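Below is one structure; the comments refer to it alone.
The values are calculated or read from the model by the stated rules, or taken from the named source; none is laboratory data. Predicted, not measured: the structure shown is a model, and the values here were computed from it. Cβ sites come from the backbone with ideal geometry, for glycine too, and all protein chains shown count toward neighbours. These area figures cover heavy atoms from the full protein model, side chains too; ligands, DNA and RNA do not enter into them. Shrake-Rupley method; radii C 1.70, N 1.55, O 1.52, S 1.80 Å.
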Amino acid sequence: MSNITGRLRDYLQSSHLRLIERASYVVSGRPEKIYLVGGAVRDVLLGITPINLDIVVVHPREEFINYLAEGIDGEVVSRSQFGTFKVVVNSDEIDIATSRREEYARPGALPVVEETSIEEDLGRRDFRVNSMAVSLGQDSWGELLDPHGGEGDLRQKLLKVLHEDSFIDDPTRILRGIRYSERLNFRIDQETYRLLKRDMVYLQDVSGDRIRNELERAMAEPFAWDVLFRGEQEGVLSAIHPGLRFGRIPNPLNIQEQQIVGDNDVVLAALIYFSNDAQMVEVCTRLKIDTRWSRVAREVRSIKSEFGRLGRPDLSRSELFNLLCDLNPDVVHGCAITIQDNAVKSNLWLYLNELRCIRPTIDGDYLLKLGVPEGPQVGELLDRLLHDRLDGLLSSRADEEALVANELKLCRD
Ligand code: ATP
């Protein structure tokens with residue numbers, strides 16, 4: 001059994017390292033066993049600093065998690081019905097799971113709680129590379145448990161499920177697999193790929209919340225664009241709903257397009273863009289869409305409904321501004337990347353890069369000081385200033401002051 005103490009020291013954030021050392025100390029001399037598991041072990045072995053830590057405690061009694069959380073100066077902020085706890089320690093959040101299994105003899109019956117071993121816990125995971133654990137016990141600190149050959153897969157940059165029915169048991173693993181494959185640049189093993197294709201159909205049975213949750217995670221990836229496009233190519237998106245599609249990524253992305261990295265609403269707008277109105281309603285129903293998704297969907301629809309005007313060659317800059325100014329710029333951004341029509345595309349970029357930032361230098365206070373009465377006239381004058389600025393009719397402060405003076409004179413006359 002190899003020991004990866006050095007790697008933990010080299011690749012964990014110092015606050016994470018302190019945290020697991022502390023947890024180890026809390027558990028010492030007690031019957032519970034404690035392990036670092038899943039993605040953090042995978043990342044440390046790959047020489048990547050993990051963002052999150054997942055800890056599994058074996059043989060915990062009911063009150064143990066609170067005891068552990070207190071011992072590491074943390075606070076249990078949430079707990080799930082599956083025996084997982086979110087614990088916040090300073091600004092770090094860690095997931096602590098108990099390796100207990102709750103079995104229900106029949107629906108509604110009280111659960112029979114069974115303790116399971118760490119090996120059994122690892123055997124229920126999604127991919128072999130995520131099925132490793134590191135002991136955090138004082139006398140076995142740093143020992144790697146790898147009962148499923150995860151380390152070998154890491155060396156070969158391979159994603160492999162643990163058994164034939166893995167995707168049937170939980171079809172969201174299909175989305176996870178695509179996400180890891182793109183993020184880590186790992187190949188999906190041939191047999192796993194066959195199973196992924198075979199079992200994609202079961203995605204239809206997964207609840208909207210769980211699918212949406214996985215899509216959100218895909219959209220939060222630095223390579224969200226690649227993950228979703230891969231999902232499109234493999235038919236995973238259409239297996240969820242035919243209205244979910246994702247456009248080809250311009251290759252290479254230009255500077256503006258690269259700015260989408262990490263921006264959820266930009267990617268979400270692109271994801272929703274290709275659905276027609278009826279499909280959009282169905283997608284929203286299927287994914288039990290939340291307010292953010294429906295807001296983005298509404299704004300995408302509004303851009304699509306203005307397509308004719310947005311592509312008009314005689315559209316003035318202020319008209320373009322008016323068509324887009326009430327929309328979330330991230331949504332405009334997602335559409336600008338996705339839209340194929342060159343005239344509309346370049347107008348969206350013109351808005352994003354230039355028009356959106358234009359403001360007159362004169363503000364409401366200045367107008368009030370000039371004696372303009374509080375009320376609609378202030379807004380009308382400011383609008384006029386903005387529009388003339390956008391259309392290039394005003395280019396300096398002096399131009400703006402002259403316009404205001406002229407307007408006020410006209411009013412007085
Ligand atoms: P990330 O780096 O994206 O956070 P992670 O590997 O830490 O990835 P989590 O979603 O935080 O992933 O889950 C932690 C671990 O729990 C995974 O590494 C995996 O072992 C296990 N896991 C999570 N989801 C599933 C699932 N649907 N089926 C089986 N095991 C899962």
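Checking every one of the trypsin sites (Lys or Arg not before Pro) in region 139-237 against DSSP loop status and a limit of 13 other Cβ atoms within 10 Å picks out 157.
Against the main long axis of the alpha-carbon atoms of the chain, helix 397-412 sits at an angle near 60°.
How many Å² of accessible area per residue for the chain, probe 1.4 Å?
Each residue of the chain exposes 50 Å² on average to a 1.4 Å probe.
Helical runs (DSSP H, four residues minimum) scored at -39500 (n - 2.57) apiece and divided by the length of the chain put the mean residue ellipticity at 222 nm at -14500 deg cm²/dmol.
Could you give the C-alpha radius of gyration of the chain expressed as a fraction of 2.2 N^0.38 Å, taking N as the number of residues it contains? Could you put the intermediate results ahead of the total?
Working: Rg = 27.9 Å, N = 413, 2.2 N^0.38 = 21.7 Å.
Normalised Rg, Cα atoms only: 1.28.
By the rule of a C-alpha distance below 24 Å, with chain neighbours fewer than 8 residues away ignored, the lysines paired with residue 345 are 304.
Hey, in the GNM for the chain with a 10 angstrom Cα cutoff, which one of 196, 315, 228 fluctuates hardest? With Cα springs under 10 Å in the chain, the top fluctuation among 196, 315, 228 is at 315.
Counting only Cβ charges, +1 for Lys and Arg and -1 for Asp and Glu, the dipole size of the chain around its Cα centre is about 720 debye.
Principal-axis analysis of the Cα atoms of the chain puts helix 172-184 at an angle of about 80° to the longest axis.
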